[in-house]
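**Student:** Have a look at the structure that comes next, please.
Each reported figure results from applying straightforward, stated rules to the coordinates on display, with no laboratory input. As the structure is a prediction and not an experimental result, all values here were calculated from the model. Using ideal geometry, Cβ is built from the backbone for each residue, glycine included, and neighbour counts are taken over all protein chains shown.
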Ligand code: URA
C-alpha cells in the first residue's frame, strides 16, 4: 500500500500510481479498451466519488465522467452545493467494458471478478488521498469499497464506516437516472441531489 513518509510528495506518489495503472493487465478488460481511465482531482481532496467504470466517451478521452452521466453528475453536485473542483473522482473499474454492435460500443456491467481485480487501484488511491468521505455511485462502486454486496436502496441516506475509519455514503449512479422513464426521472434526480446535500453537510 502507498505509505507517505513525512514530507514526501503526495502529488508525485499519485502520478507514479497513475502511470503504473496505465500499464495495468490485472484483468482482461485492458485488451479491448482504448486506455486506462484513472481518477482525477486534488490529491488532498476531502471528498472522493467512485463511479462504476468509464463509458464510451471517457474511454476515448482518457478522463472520468466527461460524457452524459458526467454532465448530469456535475449539475447535481452544483445543486447540492459541492464544488466539483475540490473533489476527486474515480471509478471502481478503470477500463471500459463493452460489446461492439456495428459501429456502436454498448456498455457492459463489470463482473464481481473484474471489480475485485480492480479494487487494488481504488484502495491505493484512497490510501494516498485519505479522504474524510467517499461516495459510491451505484452498486459496483459500493461493492468495490466494501468488498461485499451493498444494496443501494437499503444503504443510501446514511453514512457507513469503512475499515480505515472514514465514512462512506452510497447513492445511485447518474447513468441510472438517465435510463429512467421521463415521468420518474425528476423525483429520482431530486433524491440524488438530496443524498449529495447530506454528504456536503457532513463535509462542512
Ligand atoms: N460512468 C461511470 O461510472 N464513470 C465514468 O467515468 C463515466 C460514466
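**Student:** Give the residue, chosen from 142, 190, that is free of Cβ contacts under 8 Å to residues at least 12 places away in the same chain and either outside any loop (DSSP other than H, G, I, E, B) or within 16 Å of the ligand (Cβ to nearest atom) (or both).
**Tutor:** Values: 142 fails: free of Cβ contacts under 8 Å to residues at least 12 places away in the same chain.
Just one listed residue meets the conditions, 190.
**Student:** Sticking with this one: Note down all Cβ pairs under 7 Å where the first residue falls in segment 39-58 and is more than 18 Å from residue 21 (Cα to Cα) and free of Cβ contacts under 8 Å to residues at least 40 places away in the same chain, the second is within 13 Å of the ligand (Cβ to nearest atom) and in a loop (DSSP other than H, G, I, E, B), and they're at least six residues apart or on different chains.
**Tutor:** Between residues of segment 39-58 that are more than 18 Å from residue 21 (Cα to Cα) and free of Cβ contacts under 8 Å to residues at least 40 places away in the same chain and residues that are within 13 Å of the ligand (Cβ to nearest atom) and in a loop (DSSP other than H, G, I, E, B), the close pairs are 57/66; 57/67.
**Student:** Looking at this structure, is residue 78 free of Cβ contacts under 8 Å to residues at least 12 places away in the same chain, farther than 16 Å from residue 120 by Cα and either more than 9 Å from the ligand (Cβ to nearest atom) or surrounded by fewer than 16 Cβ atoms within 10 Å (Cβ to Cβ) (or both)? Even if it seems obvious, please write down each step before you answer.
**Tutor:** Numbers: free of Cβ contacts under 8 Å to residues at least 12 places away in the same chain: yes; farther than 16 Å from residue 120 by Cα: yes; either more than 9 Å from the ligand (Cβ to nearest atom) or surrounded by fewer than 16 Cβ atoms within 10 Å (Cβ to Cβ) (or both): yes.
Considered against the rule, which asks whether it is free of Cβ contacts under 8 Å to residues at least 12 places away in the same chain, farther than 16 Å from residue 120 by Cα and either more than 9 Å from the ligand (Cβ to nearest atom) or surrounded by fewer than 16 Cβ atoms within 10 Å (Cβ to Cβ) (or both), residue 78 comes out as yes.
**Student:** Another one. Within segment 12-32, is there a residue that is farther than 25 Å from residue 130 by Cβ, crowded, with 21+ Cβ neighbours inside 10 Å and touching a helix residue (DSSP H, G or I) at 6+ places or on another chain (Cβ under 9 Å)?
**Tutor:** Scanning segment 12-32, I find at least one residue that is farther than 25 Å from residue 130 by Cβ, crowded, with 21+ Cβ neighbours inside 10 Å and touching a helix residue (DSSP H, G or I) at 6+ places or on another chain (Cβ under 9 Å), so the answer is yes.
**Student:** Please tell me if residue 100 is in a strand (DSSP E or B) and either within 12 Å of the ligand (Cβ to nearest atom) or over 14 Å from the mean Cα position of the chain (by Cα) (or both). Write out each step before concluding.
**Tutor:** Values: in a strand (DSSP E or B): yes; either within 12 Å of the ligand (Cβ to nearest atom) or over 14 Å from the mean Cα position of the chain (by Cα) (or both): yes.
Taking the combined requirement at face value, the residue satisfies it.
**Student:** With the requirement that a residue be part of a strand (DSSP E or B), more than 12 Å from the ligand (Cβ to nearest atom) and either out of contact with any strand residue (DSSP E or B) (no Cβ under 9 Å at 6 or more places or on another chain) or within 15 Å of residue 124 (Cα to Cα) (or both), what does segment 38-75 give you?
**Tutor:** Going residue by residue through segment 38-75, those that are part of a strand (DSSP E or B) are 40, 47-51.
With more than 12 Å from the ligand (Cβ to nearest atom) added as a condition, the list becomes 47-48.
Within segment 38-75, 48 is the sole residue that qualifies.
**Student:** Considering only segment 145-169, state which residues are in a helix (DSSP H, G or I) and in contact with a strand residue (DSSP E or B) (Cβ under 7 Å, 6 or more places away or on another chain).
**Tutor:** Initially, segment 145-169 is screened for residues in a helix (DSSP H, G or I), giving 145-146, 152-155.
Those that are in a helix (DSSP H, G or I) and in contact with a strand residue (DSSP E or B) (Cβ under 7 Å, 6 or more places away or on another chain): 145, 152, 155.
**Student:** Can you tell me which residue within segment 171-187, out of those that are free of Cβ contacts under 8 Å to residues at least 12 places away in the same chain and in a helix (DSSP H, G or I), is surrounded by the most Cβ atoms within 10 Å (Cβ to Cβ)? Give the steps one after another, and end with the answer.
**Tutor:** Taking segment 171-187 and keeping what is free of Cβ contacts under 8 Å to residues at least 12 places away in the same chain, we get 179-187.
Retained after the next criterion (residues that are in a helix (DSSP H, G or I)): 179, 182-187.
Working: 179: 9, 182: 6, 183: 7, 184: 10, 185: 15, 186: 11, 187: 10.
Across segment 171-187, the extreme among qualifying residues is 185.
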